[in-house]
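What follows draws every value from the coordinates through simple rules; no lab data is involved. Note that the structure is predicted; figures quoted are calculated from it, not measured. Positions of Cβ are generated from backbone atoms using ideal geometry, with glycine treated the same way; all protein chains shown enter the neighbour counts.
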Amino acid sequence: MTLKLLVPCNSGSIDAIVFSSPIGEASADLGAYSIRSSSTPSEVFDLDSALLKSELGDRFADYVRIPDWVETMLCVDLKRPYPPLEMEFYPVSSYTIQAKRSGYMPIRIFEAGVAVWLVTLDEQLVFGGLRSAQDNNGVIDQIGGVAEYTQGLRHPLFEAADSETLTEAGFKLNDPKIIGHYFESSFYNAHVFVFQGSLNARASEIIKLHSEAYVLYQELVRNGCSFNDARQALRGRGYPNVDAWEHSRMFIVPFSVEGIKSGLETYSHWIGPVALADSAVLMESMRISNG
């Protein structure tokens, strides 16, 4: 059983779907997925990151804001949006993603995004962070991002939720479940799958770890480190949250519908369509689970 939501926002509205039963990685409702070789017949590239940079760097030079972001990401065609889900993924370079976000790409490609709601040991909710990255700067978004292409045995979306949680929040994600999804067209042009999971950490620990890693990253960059070198330096100093740079600060609210509503009101001047949709999906999922 699923519930459809229409989430109003300043760019119009976002259609969202909330699952009455959250979908875990072992659930039959997760359905089937496949990965095809490329996004379009003309978009064929080697998956080696060095070749991606050399082959696409010049082509998209005017539209790439983070030249050192050299990865192969996943886009998705959502064949069946209701359980059991059916998805077809395809690899796309990070240069292509950046060019698309800059409005250059003429082809229609849909990022496979994850947004992860994290509940702490002391029953607080990581409400998100104030984005300081070049893309969508100055708005609150949840822990998450576009899924990376991997050749492992795990489902790409769950792999992405785990990875984004560790590299942004700094802690291992426990018991992740997909609670719903929506299509966002105002910026990312993405199918965003909304997760809920927990952390073996208190809210104060998350704030402290983020603050330390963010300050250190800024110091490294000021001293001449590149994007990748700064991330590697953070990892070398024991910080797993090497992408703390994406958010200048983190926000924590009580884990309740009232707490989320309070966060939306308190930080309304930083709330965009993505945060509204993520919040609406979580609140409706909580209402369903509470009967």
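Here are some notes:
- Only DSSP H runs of four or more residues enter the estimate; each adds -39500 (n - 2.57), and after division by the residues of the chain the mean residue ellipticity at 222 nm equals -9500 deg cm²/dmol.
- Under 15 Å from K172, Cα to Cα: aspartates and glutamates that are on another chain or at least 8 residues apart: E159, D162, E164, E205, D243
- Contact order for the chain, expressed relative to its length and based on alpha carbon pairs under 8 Å spaced 6+ residues apart, stands at 22 percent.
- In summary, the lysines within cross-link reach of K4, defined as a Cα separation below 25 angstrom excluding same-chain residues under 8 places away, comprise K79, K177, K261.
- Using the Cβ-Cβ distance between L3 and D68 with R0 set to 45 Å, the FRET efficiency works out to roughly 0.60.
- Summing +1 for each Lys or Arg and -1 for each Asp or Glu among the other residues whose beta-carbon sits under 11 angstrom from that of S34 gives -1.
- Neighbours of K177, meaning other residues whose beta-carbon lies under 13 angstrom from its beta-carbon, give a summed charge of -4 when Lys and Arg score +1 and Asp and Glu score -1.
- Relative exposure of V192, V119, V221, judged by other C-beta atoms within 10 Å (fewest first): V221, V119, V192
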